[in-house]
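Let me begin by presenting the structure, written as structure tokens, before commenting on it.
The values are calculated or read from the model by the stated rules, or taken from the named source; none is laboratory data. Remember, it's a predicted structure, so these values are computed and weren't measured experimentally. Neighbour counts are summed over all protein chains in view; Cβ atoms, including those assigned to glycine, are modelled from backbone coordinates with ideal geometry.
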């Protein structure tokens, strides 16, 4: 007999987006420091990279069990832009690998 089937895909694909529960003491501290704000839409967290507030849920932040609030320190857009090399090249204004490949193919003909 085999064990239970493992689900594939990201947590958001399997169970939908979620907002982690934050310790009240941590929440009070973050509200005082203005790293979180309470808006009509709900609780929002400040991304230190882009300096914008985004809702505190996994639609805008990657989940991270190692942090006190359960979310990664940068918003999804900043993390993706920084993490993958093509995103860094585009941010710096450098050509991507695909653009370089297309230029070299055109030069060989």
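Let's see how each residue does on (1) in a strand (DSSP E or B); (2) at pLDDT below 90; (3) touching a strand residue (DSSP E or B) at 6+ places or on another chain (Cβ under 9 Å); (4) surrounded by 17 or more Cβ atoms within 10 Å (Cβ to Cβ):
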position: 68; (1), (2), (3), (4): no, yes, no, no
position: 72; (1), (2), (3), (4): yes, no, yes, yes
position: 79; (1), (2), (3), (4): no, yes, yes, yes
position: 86; (1), (2), (3), (4): no, yes, no, no
position: 89; (1), (2), (3), (4): no, yes, no, no
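Residues that are part of a loop (DSSP other than H, G, I, E, B), within 13 Å of residue 21 (Cα to Cα) and touching a helix residue (DSSP H, G or I) at 6+ places or on another chain (Cβ under 8 Å) within the stretch 47-66 comprise just one, 58. Each residue in the stretch 11-26 was checked for being farther than 10 Å from residue 69 by Cβ, more than 18 Å from the chain's Cα centre (by Cα) and either modelled with pLDDT under 90 or surrounded by 13 or more Cβ atoms within 10 Å (Cβ to Cβ) (or both), and 1 of them qualify. Total residues in the stretch 27-58 satisfying the condition of being modelled with pLDDT under 90 and loosely packed, with under 13 Cβ neighbours inside 10 Å: the figure is 2.
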